[in-house]
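Enquirer: Here it is, the structure, as structure tokens.
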Amino acid sequence: MNIYDILGPIMVGPSSSHTAGAVKIGLIAVKLLGIEPKKAEIYLHGSFAATGEGHGTNKAIVAGLLGMQPDDMLIPKSFEIAEKKKLQFKIGQINLKDAHPNTVLLKLTGEDDRQLEIQASSLGGGRIMVNKLDGIDVNFTGESHTLIVHNIDQPGHVAEVTSTLSHKSVNIATMQLYRDKRGGYAVMVIETDQEIPKESVAWLSHLEGIIKVSYLNIEGE
Amino acid sequence: MSYHSIQEILQNCKDKSLLFWETILEDDINSRNISRESSMNKMQSLWDAMLLAGSTYDKKAHSASGLVGGDGGLMEEYYMTNDSLCGNFISKAIAQALQMGESNACMKRIVAAPTAGACGVLPAVLLPLFREKGILSSKIIEALYVAAGIGQIIAQRAYIAGALGGCQAEIGSASAMAAGALVHIKGGDSDQIANSVAMALKNLLGLVCDPVAGLVEVPCVKRNVIGAVNALAAADMALAGIRSKIPADQVIDAMKEVGDSMDASLRETGKGGVAGTPKAQEIVSKLLNKSDH
């Protein structure tokens, strides 16, 4: 946390958690999808479901999916803009187990039919946390450069990824490993201090046993 | 930030002969590894956004629920045509607090300070000073560092979210931040800033978060008024040489203790306090009917 988490963000009201945080979740979901979405299913949980309409949470998430920032004055008009840009969306409610009160589950389909399911929470002050990706538990805020590697759970993939980063002088800040079962589907979430070159991300995604690589880079100051 | 108490900030000011705001600026430069210019440009952009938000109030706009809108306009009309009890300057602060709170509820662009629900407090005292009393932008930017530093200590030792600590954590924190900012603008020293923080926060200790229908509207918009007026009073007291018997850090810790023992119904759940009144329940069922159709 720094002083600009206290003063700021500059945002469209009325709530940093229900509005600004919701926009950020939409933005991060699209970055993780890696392409503009053509379809989105939005399921609101807890306080997002109960007070989301009055707080504009629904409009805020759609605005984020359209690439708007939390201070975009067009957020209240995001439904109309989605229609013009041919983004189909539906909004429903859901009761998730053990989830933060301000949580949303998004099912996105990209222009090229690739899909992503993401569950994320808004923690207050516009800060967010991604909790699940394609059904696997994860834990990252999107405040640092974040590399997400989906792979088959077998020896060597962590070494491939970390040596690639090391070659490019990218320092790892945090690293988390998850899998559904031994030898099954695994996810690596790596937060780094430096930006990861595009070619490294592309190279990793072509390795055998690696299913998918997503990369979230943060905008510079 | 590397400071965990107001006391540590005061000590650093003393050790290095720095002003309160310079200590916070120096810390931002070090902790984010950025230039002085980059930090100050960012603060300038926040001030620009506050000014813009203050000038784009629309007194005809109402929130989606219809619960708030127009009050900032009424207050402005009132002090322009009447001899208000609070006098010209405080009346302007009241109007500004209402206007910013209403703009927020109407999904206009604001600056969260420290939260969106409390976004009216700092502008309510800073904009009238800037417009009416000829305070320079550069001075206000210094004051915003003071406010940010205070807010950060409160966020670290306690909290700034109503869902965690009640409205004392939002409007209370904003009021303490504004009080410190005001003391700096009026030439008070670091010690006086700390005293203003302690007094402002003490006065709002125990304030509950009880939004009707869970929306940042009632009573949130008008709570910004008490945050602003309380900040002005606490700053004037500190500038007069009045001291808080309890040091700022201990008041912040007390705020956490009060918040921790606050019933969940009074922490942004929309259940207790004014949110639990029969009228509020009536409003909730009307809103539910509206969204069904």
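The values are calculated or read from the model by the stated rules, or taken from the named source; none is laboratory data. Just so it is clear, the structure is predicted and the values come from calculations on it, not from any experiment. Note that we place each Cβ from the backbone using ideal geometry, even for glycine, and neighbour counts take in every protein chain shown.
Enquirer: Could you please let me know if B:I242 is modelled with pLDDT of 95 or more, surrounded by fewer than 22 Cβ atoms within 10 Å (Cβ to Cβ) and assigned to a loop (DSSP other than H, G, I, E, B)?
Expert: yes
Enquirer: Report whether or not A:V138 is closer than 30 Å to A:M1 by Cβ and either among the acidic types (D, E) or at pLDDT 95 or above (or both).
Expert: no
Enquirer: Just checking, how many residues over segment A:1-49 are assigned to a helix (DSSP H, G or I), under 24 Å from B:E217 (Cβ atoms), of a type outside the set (A, V, I, L, M, F, W, C) and away from every other protein chain (no Cβ under 12 Å)?
Expert: Total meeting the criteria: 2.
Enquirer: How about segment B:40-64: which of its residues are loosely packed, with under 15 Cβ neighbours inside 10 Å, in contact (Cβ under 8 Å) with a residue 40 or more places away in the chain and assigned to a helix (DSSP H, G or I)?
Expert: B:L52
Enquirer: Among the numbered conditions (1) under 24 Å from A:A20 (Cα atoms); (2) more than 9 Å from chain A (Cβ to nearest Cβ), tell me where B:G134 comes up short.
Expert: (1) is the only condition that B:G134 fails.
Enquirer: With within 12 Å of another protein chain (Cβ to nearest Cβ) and in contact (Cβ under 8 Å) with a residue 40 or more places away in the chain as the only criterion, which of B:L201, B:L207, B:L144 stands out?
Expert: B:L144
Enquirer: If you go through segment B:155-196, how many residues are closer than 13 Å to B:D249 by Cβ, assigned to a helix (DSSP H, G or I) and within 14 Å of chain A (Cβ to nearest Cβ)?
Expert: Of the residues in segment B:155-196, 3 are closer than 13 Å to B:D249 by Cβ, assigned to a helix (DSSP H, G or I) and within 14 Å of chain A (Cβ to nearest Cβ).
Enquirer: OK, next. Which one is surrounded by the fewest Cβ atoms within 10 Å (Cβ to Cβ) among residues in segment B:197-214 that are assigned to a loop (DSSP other than H, G, I, E, B) and of a type in the set (A, V, I, L, M, F, W, C)?
Expert: Only one residue fits best here, namely B:L205.
Enquirer: For segment B:260-269, check the following and say yes or no: at least one residue is on the phi > 0 side of the Ramachandran plot and more than 14 Å from chain A (Cβ to nearest Cβ).
Expert: So far as segment B:260-269 goes, no, none of its residues is on the phi > 0 side of the Ramachandran plot and more than 14 Å from chain A (Cβ to nearest Cβ).
Enquirer: Out of the residues in segment A:21-71 that are of a type in the set (S, T, N, Q) and in contact with a His (Cβ under 8 Å, 6 or more places away or on another chain), which is surrounded by the most Cβ atoms within 10 Å (Cβ to Cβ)?
Expert: Of everything passing the filter in segment A:21-71, A:T57 is surrounded by the most Cβ atoms within 10 Å (Cβ to Cβ).
Enquirer: Within segment B:279-291, can one find any residue that is closer than 28 Å to B:G70 by Cβ, touching a Ser or Thr at 6+ places or on another chain (Cβ under 9 Å), charged (D, E, K, R) and not in a helix (DSSP H, G or I)?
Expert: Looking for residues that are closer than 28 Å to B:G70 by Cβ, touching a Ser or Thr at 6+ places or on another chain (Cβ under 9 Å), charged (D, E, K, R) and not in a helix (DSSP H, G or I), one finds none in segment B:279-291, hence no.
Matching residues to (1) among the charged types (D, E, K, R); (2) over 28 Å from A:A20 (Cα atoms); (3) surrounded by fewer than 24 Cβ atoms within 10 Å (Cβ to Cβ):
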{"site": "B:A93", "(1), (2), (3)": "no, no, no"}
{"site": "B:G101", "(1), (2), (3)": "no, no, no"}
{"site": "B:R109", "(1), (2), (3)": "yes, no, yes"}
{"site": "B:V121", "(1), (2), (3)": "no, no, no"}
{"site": "B:S138", "(1), (2), (3)": "no, yes, yes"}
{"site": "B:A147", "(1), (2), (3)": "no, no, no"}
{"site": "B:Q168", "(1), (2), (3)": "no, no, no"}
{"site": "B:G180", "(1), (2), (3)": "no, no, no"}
{"site": "B:V183", "(1), (2), (3)": "no, yes, no"}
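Enquirer: Only residues that are over 25 Å from the mean Cα position of the chain (by Cα) and not hydroxyl-bearing (S, T, Y): list them for segment B:19-49, please.
Expert: B:N30, B:N33, B:I34, B:R36, B:E37 - these are the residues of segment B:19-49 that are over 25 Å from the mean Cα position of the chain (by Cα) and not hydroxyl-bearing (S, T, Y).
Enquirer: Follow-up question, since we're still on this one. Search segment B:266-293 for residues being of a type in the set (G, A, S) and at pLDDT 95 or above, and hand back the single one that is surrounded by the fewest Cβ atoms within 10 Å (Cβ to Cβ).
Expert: The selected residue is B:G276.
Enquirer: Suppose the filter is among the hydroxyl-bearing types (S, T, Y), touching a Lys or Arg at 6+ places or on another chain (Cβ under 8 Å), closer than 30 Å to B:A112 by Cβ and touching a residue at least 40 places away in the same chain (Cβ under 8 Å); does A:S144 pass it?
Expert: No, not satisfied.
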